[in-house]
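Have a look at the structure below, then the notes.
The values are calculated or read from the model by the stated rules, or taken from the named source; none is laboratory data. Just so we're clear, the structure is a prediction, and the values are computed from it rather than from any experiment. Note that each Cβ is placed from the backbone with ideal geometry, even for glycine, and that neighbours are counted across all protein chains shown.
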Amino acid sequence: MWRESHLIRKPSDGVPGKPPLRPDLAELLLVSAHQVQLLLQLAHHHPAAAWDTALATCTAGNAQVLRCLIGEFGWPGHRLVGERGGTAAWMIAQHAVTDPDLQRQARELVVRAVAIGDADPLHLAHLTDRCCVIDGEPQVYGTQYGRDGSGATVLHPVRDLDGLDERRAAVGLEPLGSGPLTDSPLHLPHLIEASART
């Protein structure tokens, strides 16, 4: 289950005892991701076309910022921007629904970052599933939800259901049926105190 502690714990960042190399970039990512979270909450609790438009504008702008950072620095992982900055970068990629090429690029970069301990495996699980859903394929970890015709929240199709909980455990996710729909993007916690604790 995704817990708030993943986002707001005060990390030692990528290398224990060392600050991130670029706290300025971490701040940029945290503020950007926080804006998306606020707009997601507003759009969810107060449905209106204006909120949807604001959210689309914000996520598109954030996607461009992330694309620029990737072009200059590669994936903004723990060493560069700290754990919270890395989480913010992942959240920006995860919500860049109008830019599936960026999401695919981010997934590939996060694969490499996870392999060297520079990104959270949970981020890889979510990005992998998001890319699968975008590409019309069954997801791997069961993190992506949608709405059916009646408006009920439903899990997008998942491959190999028998091995699902084992795959989830390997990246730190609890078994699928163990709680509320906490993996849904609308239920991700806010990036609390985005700029105060960087």
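Please determine whether any residue of segment 78-86 is surrounded by fewer than 19 Cβ atoms within 10 Å (Cβ to Cβ), under 30 Å from PRO20 (Cα atoms) and among the aliphatic types (A, V, I, L, M). The answer is no, given that none of the residues of segment 78-86 is surrounded by fewer than 19 Cβ atoms within 10 Å (Cβ to Cβ), under 30 Å from PRO20 (Cα atoms) and among the aliphatic types (A, V, I, L, M).
So ALA115 passes all but one of these: (1) within 30 Å of ASP162 (Cα to Cα); (2) in contact with a helix residue (DSSP H, G or I) (Cβ under 7 Å, 6 or more places away or on another chain); (3) among the small types (Gly, Ala, Ser). Which condition number does it fail? Just one mismatch for ALA115, condition (2).
Close contacts from segment 154-175, counting a first residue that is closer than 9 Å to GLY142 by Cβ and a second that is part of a loop (DSSP other than H, G, I, E, B) and among the aliphatic types (A, V, I, L, M), with Cβ to Cβ under 8 Å and a gap of 6+ residues or different chains, come to VAL158/VAL140; ARG167/VAL140; LEU173/MET1.
Here GLY85 passes the criteria (1) more than 25 Å from GLY172 (Cα to Cα); (2) touching a residue at least 40 places away in the same chain (Cβ under 8 Å); (3) small (Gly, Ala, Ser) except the one numbered (1). Within segment 150-166, the set of residues being assigned to a loop (DSSP other than H, G, I, E, B) and surrounded by 12 or more Cβ atoms within 10 Å (Cβ to Cβ) comprises HIS156, PRO157, ARG159. May I ask you to list the residues in segment 52-110 that are in a helix (DSSP H, G or I) and of a type in the set (Val, Ile, Thr)? THR53, THR57, THR59, VAL65, ILE70, VAL81, THR87, ILE92, VAL110 - these are the residues of segment 52-110 that are in a helix (DSSP H, G or I) and of a type in the set (Val, Ile, Thr).
Counting only residues that are under 18 Å from ARG67 (Cα atoms) and in a helix (DSSP H, G or I), segment 111-127 holds 6 of them. Contact map, segment 118-139: residues that are closer than 18 Å to GLY86 by Cβ and at pLDDT 95 or above paired with residues that are in a loop (DSSP other than H, G, I, E, B) and among the aromatic types (Phe, Trp, Tyr), Cβ distance under 6 Å, separation 6+ or inter-chain. Pairs shown: ALA125/TYR141.
Could we say that ARG147 is touching a strand residue (DSSP E or B) at 6+ places or on another chain (Cβ under 9 Å) and free of Cβ contacts under 8 Å to residues at least 12 places away in the same chain here? Yes; evaluated as a whole, the condition is true for this residue.
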